[in-house]
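**Q** Structure provided below as structure tokens; questions to follow.
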Amino acid sequence: MIKTAALILLLATSGCGAKDGPEVNPPNADANDAGAATLASSVEVEVVADTVRVVLHVTNPTNQPVRLEFSSAQRYDFAIRTAGGMDVWTWSADKGFAAALGSETIAPGGSLDYSEVWKAGNRKGSFVAVAQLTSTSHPIREQAAFSIQ
């Protein structure tokens, strides 16, 4: 009985493993600390005849890895709108994505490129390409105006 009481007293005074100060290695302190503002991004549009290729470039300019978190298997999306804002095409409109959490890590100085092609058919005029990184931790949305003659 005395040994049990001494053990309880020892555990109570030692804090039972609780930390009084800040945690030395907090969970998820590695790749996510870089934050969304640290990523550089751009969208590129290439028009050849009736084919429009849209590329989303995402770069990690920091010296730490950046982990992108996703709530589904979808990583990006693209849309084409008229200059007046009417949706003409959305890449993901006819697709289904698994509802599974996922992540991708961009190495320090590394980048990811996502691209898709839209067949404009006989459409002519001014358009806006919208590129989106669907990350829940580092959402990105870029736009670029272009025209088809």
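**Q** Quick one: is R141 under 23 Å from V47 (Cβ atoms), assigned to a strand (DSSP E or B) and among the basic types (K, R)?
**A** Working: under 23 Å from V47 (Cβ atoms): yes; assigned to a strand (DSSP E or B): yes; among the basic types (K, R): yes.
Yes, satisfied.
**Q** Here's a follow-up. Evaluate region 87-94: report whether one residue or more is touching a residue at least 60 places away in the same chain (Cβ under 8 Å) and within 30 Å of R67 (Cα to Cα). Working first, answer last.
**A** In the first step, residues of region 87-94 are kept if they are touching a residue at least 60 places away in the same chain (Cβ under 8 Å); the result is none.
No, that holds for no residue.
**Q** Does F97 satisfy the criteria of being under 20 Å from T134 (Cβ atoms), in a loop (DSSP other than H, G, I, E, B) and either of a type in the set (A, V, I, L, M, F, W, C) or at pLDDT 95 or above (or both)?
**A** Yes; evaluated as a whole, the condition is true for this residue.
**Q** What pairs can you find where one residue is in region 60-72 and in contact (Cβ under 8 Å) with a residue 40 or more places away in the chain and surrounded by 18 or more Cβ atoms within 10 Å (Cβ to Cβ), the other is assigned to a loop (DSSP other than H, G, I, E, B) and of a type in the set (G, A, S), and their Cβ atoms are less than 7 Å apart, with a gap of 6+ or different chains?
**A** Short answer, once both residue conditions are applied: N60/A107; N60/G109; N60/G110; L68/S135; L68/S137; F70/S135.
**Q** Another question, if that's okay. Can you pull out the residues in region 119-144 that are hydrophobic (A, V, I, L, M, F, W, C) and farther than 11 Å from I80 by Cβ? Break it down stepwise before answering.
**A** From region 119-144, those hydrophobic (A, V, I, L, M, F, W, C) are 120, 127-131, 133, 140, 144; that's our starting set.
Scanning region 119-144 gives L133, I140.
**Q** Same structure again: With (1) in a strand (DSSP E or B); (2) surrounded by fewer than 10 Cβ atoms within 10 Å (Cβ to Cβ) as the list, and N122 as the residue in question, which single condition is left unmet?
**A** Exception for N122: condition (1).
**Q** Shifting gears a bit: Can you tell me how many residues in region 74-119 are surrounded by 14 or more Cβ atoms within 10 Å (Cβ to Cβ) and of a type in the set (K, R)?
**A** Of the residues in region 74-119, 2 are surrounded by 14 or more Cβ atoms within 10 Å (Cβ to Cβ) and of a type in the set (K, R).
**Q** Could we say that D20 is of a type in the set (D, E) and at pLDDT below 95 here?
**A** On the way: of a type in the set (D, E): yes; at pLDDT below 95: yes.
So D20 fits the description; yes.
**Q** Please go through region 73-84 and pick out each residue that is part of a loop (DSSP other than H, G, I, E, B) and either among the β-branched types (V, I, T) or without any contact (Cβ under 8 Å) to a residue 12 or more places away in the chain (or both). Please lay out each step first, then the result.
**A** So the first thing to find is which residues in region 73-84 are part of a loop (DSSP other than H, G, I, E, B), and the list is 73-75, 83-84.
Scanning region 73-84 gives a single hit, G84.
The values are calculated or read from the model by the stated rules, or taken from the named source; none is laboratory data. Just so you know, these numbers come straight off a predicted model, no measurement behind them. Every residue, glycine among them, receives a Cβ derived from its backbone with ideal geometry; neighbour counts consider all protein chains shown.
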